[in-house]
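What follows is a short report on a single structure.
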Amino acid sequence: MYRILLPRPDDVAAWRDAARQAALANIAASDLLWDVEGAGQDLFGASSSPLPPASPGAFAISRHFLRLVDDVVPHRDPERFSLLYRMLLRLLEQPGALADEADPLRRRLDLLAKEVRRDIHKMRAFVRFRELGERFVAWFEPDHHIVRVNAGFFVRRFSTMRWSILTPDLSIHWDGSSLAEGPGAIRADAPDGDPVEALWKGYYASIFNPARLKVGAMLKEMPRKYWANMPETALIPELIAGARARETRMVEQVTPRGNADVAWQALREEASHCTRCDLHRCATQTVFGEGPVDADIMVVGEQPGDQEDVAGRPFVGPAGQLFNRALDEAGIDRSRLYVTNAVKHFKFEPRGKRRIHARPNAGEIKACRWWLDQERAIVSPRRIILLGTTAIHAVTGKASSLASVRESPIELGGGVVALATIHPSYLLRLPDKAQAEQDYARFVDDLRSATSP
C-alpha cells in the first residue's frame, strides 16, 4: 500500500504530479491512499509507504479530463482523489472512456464537478462586503474548498478596494496590490449591519418577480445558511406571502407562446454559461432578456448596469426606472415588450466599492450578437427599438451614429423595422437640467412613435 500526502485539499497541481508518478509506476488505484496534510491519518497509515521514485516517461491526457480534475479536486468528498485516479488509469487504456455519459464513474465525477461549480457561483453571488474602517469584510461558508479558486474573481472585480473574505477554513485578504491568505475565522469575526442595507432591501423588493417564484428552487439556489449575510433576504417571507396576487396580475397580461417559450427557456439557460468573451470573468451573471416571447416589439439596450448585474434582470436600475417612467408617459405597457440588451454581461471599471459602467467594444458586441440574433429569431418582433449606438451596432452590424439614423426607420428585412433613440442612461448623465428635460420629452416622443400602429 502506498500513501500520497497532498499539501492542501484543493491542490490540483500536487494531485496531477502524484497521479502522473503513480501511473508511470503502474500502481493500481486500490493500492493508493490519498491524504491531505493536517487532515488526520487514515486507519492504515502506519502500514503504508511513500510512492517509489518517478519513472522516466510521459503520457498525454485529454483537456476534458484536465478540466474535470480542476473542478473535482476542490470538492470535500474524501474519495475524490481516488476516483480521479481510477478514471486516469482507465483513460490510459481507453482514451475515449469519458465519452460514455452512462458510465457510473464518469457520472459520479460529473456530479462532484457540478456541485463545485455551483458552490463557486454561490460565493460570487452571495458574498456581501461590509465596511470595517478602511477595509471591507465579508463572511461566507462554502460547501467545498473553493476560496482559492474564487480569489481571482474577487481580485478582478474589487481590485481597488481593500477587502477580506473570512471563511471557516481559510481567509483571503486583498490590499489593492497583493493577495494574502490567513487562517479560518468564525462568524463573529465579521461585522454585522451596514448603512446601505436599507437600500439593498428596497432594491430587492423592486426587482422581486412573483412569476418566477418557486420556493423549493429558491431555497436550493439560495440556502438559508447564506441568508444571514444578505440583508435583502429579510424581505423574503413578506414577498412570498404576496406573490400569488402579483403573479395572477402578471398572468392576466402575458400569455406564453408554446414551443417558443420552451426554446426561449433553453436559450436563456445556455446563455447563463456564456464564455464567448472575457466579460463573464468579472460579471456576476448573464443578464438575459425578458418579456413575452410573442411580443410585437423588442427593445434593445446596451448592456446591464451594476444593479442589473446583481439582479440578473435588464433595466431595473436607475436607467431602467427612467425608462419605465418614459414608457408610462408614452402610454406603453412594459409587460407587452420584450426587453433585452446587446451585451449580456456587465462591463465596468472598479473605483473603490463602486463599479463604473464601461462601454463594450466592437469585439464584445460581436461576440454577444449570437445571443441577440437567437432572441430575435424566437420572439420574431415586428418592430425593434434601439436604445443608443451599441444597440444600433449590434442589430444592424454597422457602427452608425445615432444622429444619422434617429429620424429614419431602419429596414431589417422580413418586414421588421428598427427605430433608434437615445439610451435612458444618457439622460442621467446630462448636467444641464433644462437640456435633460428637453431630451427626455423627445425620448418619450420617440417611444410613442415607435410603438404607434
Of Lys114/Lys366; Lys366/Lys433; Lys122/Lys353, which sit over 27 Å apart, Cα to Cα? Lys114/Lys366; Lys366/Lys433
Accessible area per residue, Å², the stretch 412-453 with all protein chains present, probe 1.4 Å: 55 Å²
Which residues among the stretch 281-322 fall inside the zone where the amide N is under 16 Å from a point 7 Å beyond the Cα of Asp70, along Cα→Cβ? 281-282
Which is farthest toward the positive dipole end of the stretch 74-139 among Ala99, Leu132, Pro78, measuring Cα position about the Cα centre, with Cβ charges +1 (Lys, Arg) and -1 (Asp, Glu)? Leu132
With every protein chain left in place, what is the accessible area of Ser82 in Å² (1.4 Å probe, nearest 10)? 40 Å²
Could you report the accessible area of Ser401 in Å², rounded to 10, computed with a 1.4 Å probe on the protein chains as they sit in the structure? 60 Å²
Counting sequence-distant residues (5 or more places) and residues on other chains, those with an amide H built under 5 Å from that of Val299 are Tyr338, Val339, Thr340, Ile385
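Can you compute the charge dipole magnitude of the stretch 73-182 about its Cα centre, using +1 on each Lys and Arg Cβ and -1 on each Asp and Glu Cβ, nothing else charged? Give it in debye, rounded to the nearest 20.
Values: 19 positive and 16 negative charges, 61 e Å.
Once rounded to the nearest 20, the dipole reads 300 debye.
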As a test question: what accessible area, to the nearest 10 Å², does Met1 have when a 1.4 Å probe is rolled over all protein chains in place? 90 Å²
Tell me the carbon and sulfur percent of the accessible area for the stretch 390-453, rounded to whole percent, probe radius 1.4 Å. 53 percent
Ranked highest first by the average count of other Cβ atoms within 10 Å around their residues, in what order do 330-339, 308-317 fall? 308-317, 330-339
Whole-Hz couplings from phi, Karplus 6.51/-1.76/1.60, listed for the stretch 332-344; x for Gly and Pro: 10, 8, 4, 5, 9, 9, 9, 10, 8, 10, 5, 10, 9
Beyond 17 Å, what share of the Cα-Cα pairs of the stretch 248-374 remains, rounded to the nearest whole percent? 59 percent
About the Cα centre, charge dipole magnitude for the stretch 126-191 (Lys/Arg +1, Asp/Glu -1 at Cβ), debye: 240 debye
Where does each of 29-39, 384-394 land if you order them by average Cβ count within 10 Å, highest first? 384-394, 29-39
Return one whole number: the accessible area per residue of the stretch 1-108 in Å², for a 1.4 Å probe. 56 Å²
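The values are calculated or read from the model by the stated rules, or taken from the named source; none is laboratory data. Small disclaimer: the values here were computed from a predicted structure and weren't measured. Cβ atoms come from the backbone with ideal geometry, glycine included; neighbour counts cover every protein chain shown. To get the accessible areas, we keep the full protein, side chains included, count just its heavy atoms, and leave off ligands, DNA and RNA. Shrake-Rupley method; radii C 1.70, N 1.55, O 1.52, S 1.80 Å.
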